[in-house]
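This report refers to the structure that appears directly beneath it.
All of the numbers you see were taken from the coordinates with simple rules; none came from a lab. The shown structure was predicted, so the numbers you read here are calculated from the model rather than taken from an experiment. Note that we place each Cβ from the backbone using ideal geometry, even for glycine, and neighbour counts take in every protein chain shown.
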Amino acid sequence: MIRRKGNLYVISAPSGTGKGTICAELLKDPVNDFSVSMTTREPREGEVHGRDYFFVTREEFISNIEAGNFLEHAENFDNLYGTPKEMVLKKLERRHNVILDIDVKGGLQVKKAMPEAILIFILPPSLTELRSRLEGRGTESAEKVEKRLGEALNEIRLIGEYDYCLINDDLDSAVENIRSIMTAESLRVPESVRQIIRKYEQEV
Ligand code: ADP
Ligand code: 5GP
């Protein structure tokens, strides 16, 4: 039996595409675990500190940057967001898949720090549908919705840096597609096996 650690998945999408909804479905599988990010954003109604985010002040966030506690961090829509490093590494060691619901800037930083990370990009069916999902969610003011829509195309332009992409049209199909990616990735021959083979080949 090949000993494996869990896989690290970055899931990015323009805000309002449905990645939070999709991640919630994926997290019903006990092998999948979520990385709770830190943010300076105000909690939305129903969001819980420690479950959805660690909600902190800008000062606390900056002292975490200075202490080197983040795997990546980025500013989005005037707020800071970051992935706490220690917790991600611990969960991977416990052979859980770790899912990061983060933006593209953060995803690219993760790929640099951990090239084995698997980057999945979720597209909305159209920008018109994206607007209607953002407005339908009703969590942002009209001005903030515009800001998020304005950023969507910038994120979509970076899709070529990602490993996989899919459209969240029908929710069940989108979740199924990601489960298929996860199954395939869990069967990938790990790099450690290639290193063992190389060691023996050098003796021939
Ligand atoms: P994100 O995390 O990408 O910002 P959310 O998961 O909060 O987006 O989804 C934004 C809104 O779109 C929510 O109201 C959600 O219920 C809705 N939504 C998600 N997926 C779909 C889908 N496939 N079809 C229609 N509406 C969807
Ligand atoms: P929201 O405010 O809607 O929860 O998130 C706004 C954006 O920030 C989303 O694209 C979300 O994926 C991203 N985000 C959430 N957590 C992190 C994080 O830890 N790092 C980065 N870089 N982006 C994050």
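Please give me, ordered by residue number, the GluC sites (Glu not before Pro) of region 34-79 that lie in loop per DSSP and have at most 16 other Cβ atoms within 10 Å. Mind dumping the intermediate values first?
Numbers: sites: E45, E47, E59, E60, E66, E72, E75; in loops: E45, E47.
Qualifying residues, ordered by number: E45, E47.
When the dipole is taken about the Cα centre of the chain, and only Lys, Arg (+1) and Asp, Glu (-1) are charged at their Cβ, what size is it in debye, to the nearest 20? The partial results should precede the final answer.
Working: 29 positive and 35 negative charges, 160 e Å.
Computed charge dipole of the chain: roughly 760 debye.
Are there GluC sites (Glu not before Pro) in region 95-200 that DSSP puts in a loop and that have at most 15 other Cβ atoms within 10 Å, and which ones?
Details: sites: E116, E129, E135, E140, E143, E146, E151, E155, E161, E176, E185, E191; in loops: E116, E140.
Answer in residue order: E116.
Equivalent ellipsoid semi-axes for region 66-151, as square roots of 5 times the alpha carbon gyration tensor eigenvalues: give them largest first, rounded to whole Å. Numbers along the way, then the final one.
Details: eigenvalues 164, 49, 27 Å².
Working from the Cα gyration tensor, I get semi-axes of 29, 16, 12 Å.
As a check on your grasp of the helix formula, calculate [θ] at 222 nm for the chain: sum -39500 (n - 2.57) over DSSP H runs of n ≥ 4, divide by the residue count, round to the nearest 500. The partial results should precede the final answer.
On the way: 8 runs with 89 residues, N = 204.
So the calculated ellipticity at 222 nm is -13500 deg cm²/dmol.
Using the Cα centre of region 99-171 as origin and beta-carbon charges of +1 (Lys, Arg) and -1 (Asp, Glu), tell me which of L127, N168, V145 is placed farthest towards the positive end of the dipole.
Of the options given, the answer is V145.
Pick from H96, H73, H49: which residue has the top mean-square fluctuation in a GNM of the chain where Cα pairs under 10 Å get a spring?
The residue that fluctuates most here is H49.
Compute a Gaussian network model of the chain, connecting alpha carbons closer than 10 Å, and tell me which residue from A74, A174, A184 fluctuates the most.
Sorting by GNM fluctuation, first place goes to A184.
Give me the compactness ratio for the chain, meaning the Cα radius of gyration over 2.2 N^0.38 Å.
1.09
Run the paramagnetic zone check for E59: 7 angstrom along Cα to Cβ, then residues of region 66-99 with backbone nitrogen under 12 Å.
No residue qualifies, since no backbone N sits under 12 Å from the label point.
Connecting C-alpha atoms closer than 10 Å in a GNM of the chain, tell me which of V193, V98, V110 has the biggest fluctuation.
Looking only at V193, V98, V110, the biggest GNM fluctuation is shown by V193.
What order do you get for V88, V36 when you list them from fewest to most C-beta neighbours inside 10 Å? Don't skip to the answer; put the middle values down first.
Values: V88 22, V36 18.
Going from least to most buried by this count: V36, V88.
Give, rounded to the nearest 20 debye, the magnitude of the charge dipole that region 96-177 has about its Cα centre when Lys and Arg contribute +1 at Cβ and Asp and Glu contribute -1 at Cβ.
Working: 10 positive and 16 negative charges, 74 e Å.
Dipole of region 96-177, to the nearest 20 debye: 360 debye.
Less than 23 Å apart at the alpha-carbon level, and either on another chain or at least 8 residues along: which lysines does that give for K199?
Cross-link targets: K5.
What are the trypsin sites (Lys or Arg not before Pro) within region 87-145 that DSSP puts in a loop, where the Cβ has at most 15 other Cβ atoms within 10 Å? Let's see the in-between values first.
Working: sites: K90, K91, R94, R95, K105, K111, K112, R131, R133, R137, K144; in loops: R94, R95.
Loop-located and lightly packed - R94, R95.
Report, in debye and to the nearest 20, how large the dipole of region 1-89 comes out about its Cα centre when Lys and Arg carry +1 and Asp and Glu carry -1 on their Cβ.
Dipole size: approximately 520 debye.
Which one of T57, Y81, C23 is farthest out on the positive end of the charge dipole of region 1-112, using unit charges on Cβ (Lys, Arg +1; Asp, Glu -1) and the Cα centre as origin?
It is C23, whose Cα lies furthest towards the positive end.
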